[in-house]
Amino acid sequence: MQTPILRSSQVNRTSSLIDFGIGQPGFDLLPLDLMRQSADARFAEGDTELLNYGYEQGDGRFRQALADFLSAEYAAPVTPAQLMVTAGASQALSLICTLFTQPGDTVFVEEPSYFLALRILREDFRLNAVPVPSDENGLRIDALEEALTGQRPVFVYTIPTFQNPTGHTLSARRRERLIALAHKHDFWVVADEVYQLLHYSATPPPPLAAHTDSGRVLSIGSFSKILAPGLRLGWIQTAPELVQRFVTCGLVESGGSLNHFTSNLVRVALEQGWQTDYLAGLREIYQRRIGAMDGALRRHLGGMARWQKPDGGYFFWLEMEKAVDTAALLPAAHAAGVGFLPGARCSSVGGLGHYLRLSFAHFGEEEIQEGVERLGQALARA
Ligand SMILES: Cc1ncc(COP(=O)(O)O)c(C=O)c1O
């Protein structure tokens, strides 16, 4: 049986387990005051429209504020017409699958990939998710071209920037080639860009969202990683004609905006610049946490594992000796008071058993150092 992954409602705040498997922001980082101020300001506007059904594509003023924020952060123009409000990135992916695929359709995924996206694709939608290898520059385009000689996917699901789990970023050249192939072979690129704005030491290439005009890209974004996951607020950025596919589906026609209330509160945070300031603070904190984790790994896992210090995102991706089975090591690690995500969970072909993923987002620097020390001891004993 696989070790269950804790969702935030299950994360035990008093547990002494330092579980680097938790890919969520720490409780100390969640912006309670910012959200209280945003809510106060929005409620003070005194209009009950806030509590009605919302406009199908998402509130217009929210989309304008989001478009302005993204244009500044991406250094590339984003318009409100390109944005569809969703209840987070997971729901965006699910909605794309609902509208663009049939059970049994083929989609391509990176190997490795975000383990819960693989579940959505394979288990929720019964899609044939075909893995395409990746390396330190992201999805391997040569391997994609080869895969395309045999079959045409409905879409390629990629996490191009600070990938989950590897932390790798698709190079600018490969981004161009991916879009060219999408045109040539008539598939969509579903770009899960939830880590695009979490850059700490190097600015990544422009997001695939910058290729929106190609009509081939569905870029998924989320406030889960840049503000708070409990908001359940995200977006799809795509060509306006594709936005119409979402706006006219039964789910949205029946229920209206997928997150009207919360988007109204977050609109204030965007307009006031509070989101921008909060993100700047997060970048500093996460950069320090990366430094703490990298330093501790060097001290305690030096000869045992290989890794690259990430420039952004949430994760370190560690490669152990081939003979090591990280899933089998997890109980011993838990006994030592530390957890991680075994690499095999991120593989769609049952590979990568000698890898493990560590998130530096959930714990502070001292706990990171303590947790890595425990990990080193558990691995040394194994
Ligand atoms: C690549 C990726 N996509 C989506 C999600 C989930 O995003 P959301 O909370 O917006 O559904 C995560 C969270 O770990 C993620 O790593």
Of all beta bridges DSSP finds with both residues in segment 40-272, what is the antiparallel percent, to the nearest 5? 40 percent
Extension reserve of the F43-K309 stretch, reckoned as 0.36 nm per residue once the Cα distance is removed: 91.4 nm
Can you bin segment 327-382 into rounded, prolate or oblate? Criterion: square roots of the alpha carbon gyration tensor eigenvalues sorted a ≥ b ≥ c, rounded for a/c under 1.5, prolate for a/b above b/c, oblate for the rest. oblate
Stretched out fully, how many nm does the piece from H183 to Q64 gain, at 0.36 nm a residue minus the Cα gap? 39.9 nm
Non-local amide H neighbours of G138 (under 5 Å, H modeled in plane, Pro and chain starts lacking H): which ones? T169
Here, A81 and E145, labelled 7 Å along Cα→Cβ, have an inter-label distance in nm of 3.6 nm
Quick one: grab the alpha carbon gyration tensor of segment 168-290, order the square roots of its eigenvalues as a ≥ b ≥ c, and give me rounded if a/c is under 1.5, else prolate or oblate depending on whether a/b is larger than b/c. oblate
Between the alpha-carbon centers of segment 153-205 and segment 22-48, tell me the distance in whole angstrom. 30 Å
Residue of L93, L121, L251 that the Gaussian network model of the chain assigns the largest fluctuation, springs spanning Cα pairs under 10 Å: L251
Please report the equivalent ellipsoid semi-axes of the chain, computed as sqrt(5 x eigenvalue) of the Cα gyration tensor, largest first, in whole Å. 33, 27, 18
Using Cα pairs closer than 8 Å and at least 6 residues apart in sequence, work out the relative contact order for the chain, in percent. 24 percent
Quick check: from the Cα gyration tensor, does segment 271-342 come out rounded (a/c under 1.5), prolate or oblate? prolate
On the formula 1/(1 + (r/R0)^6), with r taken between the Cβ atoms of V349 and D33 and R0 of 35 Å, the FRET efficiency rounded to 0.05 is 0.15
Which one, L265, P342, Q369, is farthest towards the positive end of the dipole of segment 250-382 when Lys and Arg carry +1 and Asp and Glu -1 on their Cβ? P342
For segment 242-382, what is the largest minus smallest coordinate of the Cα atoms on each principal axis, given in angstrom and ordered from greatest to least? 57, 37, 26
I'd like the distance separating the alpha-carbon centroids of segment 242-294 and segment 68-83, in whole Å. 13 Å
Residue by residue through segment 233-240, which ³J(HN,Hα) values in whole Hz follow from phi under the Karplus form 6.51 cos²θ - 1.76 cosθ + 1.60 (θ = phi - 60°), with glycine and proline marked x? 10, x, 7, 10, 10, 7, 5, x
Rg followed by Dmax, in Å, when segment 68-181 is reduced to its Cα trace: 14.8, 42
Which Cα, out of G303, I290, L279, lies furthest along the positive dipole direction of segment 276-316 (beta carbon charges, K/R +1, D/E -1)? G303
Could you size up the charge dipole of segment 40-272 around its Cα centre, putting +1 on the beta carbon of Lys and Arg and -1 on that of Asp and Glu, and report it in debye to the nearest 20? 280 debye
Counting Lys and Arg as +1 and Asp and Glu as -1 over every other residue whose Cβ sits under 14 Å from the Cβ of E45, the net charge comes to -2
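Rule-based calculations on the coordinates, nothing more; no lab input. Please read all numbers here as calculations on a predicted model, not as lab measurements. Please note: Cβ atoms are built from the backbone with ideal geometry, for glycine as well, and neighbour counts cover all protein chains shown.
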